[in-house]
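Input: a single structure, listed below in structure tokens.
The values are calculated or read from the model by the stated rules, or taken from the named source; none is laboratory data. Because the structure is a prediction, the values reported are computed rather than measured. Every residue, glycine among them, receives a Cβ derived from its backbone with ideal geometry; neighbour counts consider all protein chains shown. These accessible areas exclude ligands, DNA and RNA; they are computed on the full protein's heavy atoms, side chains included. Shrake-Rupley method; radii C 1.70, N 1.55, O 1.52, S 1.80 Å.
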Amino acid sequence: MCEVEGDGVGGKGEGRDKAVCGILVDSGRRRRTTTRRDSFLMGLKGLRALKVEKLRNSVLVSTTVASSRSRMKVWLIRATTTVLLWTCIVQLTALGETWGPRMLMGLPSCLSRELTANALDEKGFNAPPAQILPPKRIYKNNGYLMVSCNGGLNQMRAAICDMVAIARFLNVTLIVPELDKTSFWADPSDFHDIFDVDHFITSLRDEVRILKELPPRLKKRVELGQTHTMAPVSWSDISYYHNQILPLIQRHKVVHLNRTDARLATNGQPLSLQRLRCRVNFNALKFTSQIEELGRRVIQLLRWNGPFLVLHLRYEMDMLAFSGCTQGCSDVEVEELTRMRYAYPWWKEKVINSELKRRDGLCPLTPEETALTLRALGIDHNIQIYIAAGEIYGGERRMSSLAAAFPRLVRKETLLQASDLRFFQNHSSQMAALDYMVSLESDIFVPTYDGNMAKVVEGHRRFLGFKKTIILDRRLLVELIDRYSTGQLSWDEFSLAVKEAHKNRMGNPSNRLVIPERPKEEDYFYANPYECLEPSYELLSSV
């Protein structure tokens, strides 16, 4: 309220003072109004700023969440795409095993003989198979089968193939076979020292269940000697195992078969059984990586120097002692071999007429006879000859004529450093595995005796495409050699007769000899598994 102190004089002065007071009052009102308006506007601006800040923060949070969700979606899309792509690749590869293009096939199945022969890498070795596991076979387990193999590497190899086929047809579980450690060679190697045991188990899982050892409860029974052990009857067909062995397995839960060589007949078996024997031999029994690596190195060294022939010169001391063959040996050597034969009670033959056995073709060719035979066959004297054998009895003296005729003789011991072979020393089966690999890859394979290695390698080379394998007719050869040595035949006559006798003995397609009442004298299944060689089997069946 405006109060004006007057000077006691009324009239015009008083009216002017009232006017001034009114102006001042109005001015004060306007200032207060303006102040309130400014305060309101400032408050409004602050509120707007607060809302804008909240909105900005909300947008930032939303953007961050959206970005995280976007990255998550991208990661999920990539992961899903990767899984789908790998699934497609696996499916295409599986289909390729049957009909797909070769680029997706890897190595073919064990019965694809032609492709197996051609599926080589740039160095000329068999390419590693694609690791596609077959589906497990589901069946009612009738029990467990343990087997102990006897003999050398290839004798045990054939026995393993037979036992897998038997286990499959009896619907039992097979325990990884035990290898012979008590024979002449006394090799301490176990199955996993020679063969890839995991590949053996997984590659056959669609046929038979194979375990590395018995379940604990049954293993305890075996350790306590509570198991049934026996040697099956030689050259038996699958009906013997079904009628005689299967009831024993069902009764005892575990049966242990020992001395398993030549226990399954060569002929008259179901086609599926014969092909399973091949599958085990040519696919499942893969050597360990250490053996395969060293074998490839030997083959590479040989290939760098041109073609090579593998000569399985079966002229070691144990072979001569066992067979009683002493052609070309001195009297001291004959006496030494005879003592050795009597020292091993499981070598049945005792008194042996060496000359008679030789004339019947039952002795391995000597190094001297081998040299004459190879020359008569027209083998190039400059070819590399790899000696696949142990120590030759008589050493350099007995090898001199062969070395003179074919100077490029080599062995694994001369191709490799001693350090390369240090882990294989005193392990005859592992050393034999190296020779086996080299024999399969050779341009020509010539065994001088029809032992287990000669037979199994012959059959494997047939499977790989009927590779040249010269099967010597020893009975005829010793007769021709004696006639040539005594001057009854000239060199040309001798050479012509040798070539003529062997022109159809080069590993060509042929039927096995079948002698119904004498199965032991029949042609060996693993030397000529023609049921597994599709083109030749169809051809021979139609003849």
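How many of the residues in segment 479-505 are among the aromatic types (Phe, Trp, Tyr) and open to solvent by 50 Å² or more (accessible area, probe 1.4 Å)?
Residues of segment 479-505 among the aromatic types (Phe, Trp, Tyr): 484, 491, 494.
Filter once more, so that each one left must be open to solvent by 50 Å² or more (accessible area, probe 1.4 Å): 484, 491.
Residues that pass the stated criteria total 2.
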*on the phi < 0 side of the Ramachandran plot, open to solvent by 30 Å² or more (accessible area, probe 1.4 Å) and not acidic (Asp, Glu), is that true of Ser429?*
no
*Being of a type in the set (Ser, Thr, Tyr), surrounded by fewer than 18 Cβ atoms within 10 Å (Cβ to Cβ) and modelled with pLDDT of 85 or more, is that true of even one residue in segment 129-148?*
yes
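Out of all the residues in segment 153-177, which are small (Gly, Ala, Ser) and more than 14 Å from Val255 (Cα to Cα)?
Let us first name the residues in segment 153-177 that are small (Gly, Ala, Ser), namely 158-159, 165, 167.
Answer for segment 153-177, where residues must be small (Gly, Ala, Ser) and more than 14 Å from Val255 (Cα to Cα): Ala158, Ala159, Ala165.
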*If you check Ile201, Ile166, which single one turns out to be closer than 22 Å to Gly459 by Cβ, at pLDDT 90 or above, among the β-branched types (Val, Ile, Thr) and in a helix (DSSP H, G or I)?*
Ile166
*Restricting the first residue to segment 155-177 and requiring it to be within 18 Å of Ala262 (Cα to Cα) and open to solvent by less than 10 Å² (accessible area, probe 1.4 Å), which pairs with a second residue that is polar (S, T, N, Q) and part of a helix (DSSP H, G or I) meet a Cβ separation below 6 Å and a spacing of at least six or different chains?*
Cys161/Asn281
*Is there a residue in segment 377-385 that is touching a residue at least 24 places away in the same chain (Cβ under 8 Å), under 25 Å from the mean Cα position of the chain (by Cα) and outside any helix (DSSP H, G or I)?*
no
*Could you figure out which of (1) open to solvent by 50 Å² or more (accessible area, probe 1.4 Å); (2) in contact with a Pro (Cβ under 6 Å, 6 or more places away or on another chain) isn't true of Gly459?*
(1)
_Which numbered condition in (1) of a type in the set (S, T, N, Q); (2) farther than 20 Å from Ile471 by Cβ; (3) touching a Ser or Thr at 6+ places or on another chain (Cβ under 7 Å) is the only one that Thr448 fails?_
(2)
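Let's see how each residue does on (1) more than 40 Å from the chain's Cα centre (by Cα); (2) free of Cβ contacts under 8 Å to residues at least 60 places away in the same chain; (3) surrounded by 13 or more Cβ atoms within 10 Å (Cβ to Cβ):
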{"site": "Ser330", "(1), (2), (3)": "yes, yes, no"}
{"site": "Glu335", "(1), (2), (3)": "yes, yes, no"}
{"site": "Arg341", "(1), (2), (3)": "no, yes, yes"}
{"site": "Trp346", "(1), (2), (3)": "no, yes, no"}
*asked:* Give me the residue from segment 424-447 that is polar (S, T, N, Q) and touching a Leu at 6+ places or on another chain (Cβ under 7 Å) and, out of that set, farthest from Ala527 (Cα to Cα).
replied: Ser429
*So His192 fits all but one of (1) crowded, with 20+ Cβ neighbours inside 10 Å; (2) under 18 Å from Tyr436 (Cα atoms); what number is the exception?*
(1)
*Among the numbered conditions (1) surrounded by 19 or more Cβ atoms within 10 Å (Cβ to Cβ); (2) out of contact with any Pro (no Cβ under 7 Å at 6 or more places or on another chain); (3) under 25 Å from Val498 (Cβ atoms); (4) not charged (D, E, K, R), tell me where Tyr449 comes up short.*
(2)
*Looking at segment 197-215, which of its residues are more than 15 Å from Pro177 (Cβ to Cβ) and more than 17 Å from the chain's Cα centre (by Cα)?*
Pro215
*Taking the residues in segment 390-424 that are assigned to a loop (DSSP other than H, G, I, E, B) and over 15 Å from Gly295 (Cα atoms) as candidates, determine which candidate is modelled with the lowest pLDDT.*
Gly390
*Taking the condition in contact with a strand residue (DSSP E or B) (Cβ under 7 Å, 6 or more places away or on another chain), more than 22 Å from Arg297 (Cα to Cα) and not in a loop (DSSP other than H, G, I, E, B), does Ala433 pass?*
no
*What tally of residues in segment 204-255 results from selecting those that are among the β-branched types (Val, Ile, Thr), farther than 21 Å from Leu285 by Cα, at pLDDT 95 or above and touching a helix residue (DSSP H, G or I) at 6+ places or on another chain (Cβ under 8 Å)?*
6
*Taking the options Glu396, Glu369, name whichever one is open to solvent by 40 Å² or more (accessible area, probe 1.4 Å) and on the phi < 0 side of the Ramachandran plot.*
Glu396
*asked:* Looking at Leu472, Leu476, can you tell me which residue is over 17 Å from Ile194 (Cα atoms), part of a helix (DSSP H, G or I) and either open to solvent by less than 20 Å² (accessible area, probe 1.4 Å) or in contact (Cβ under 8 Å) with a residue 40 or more places away in the chain (or both)?
replied: Leu476
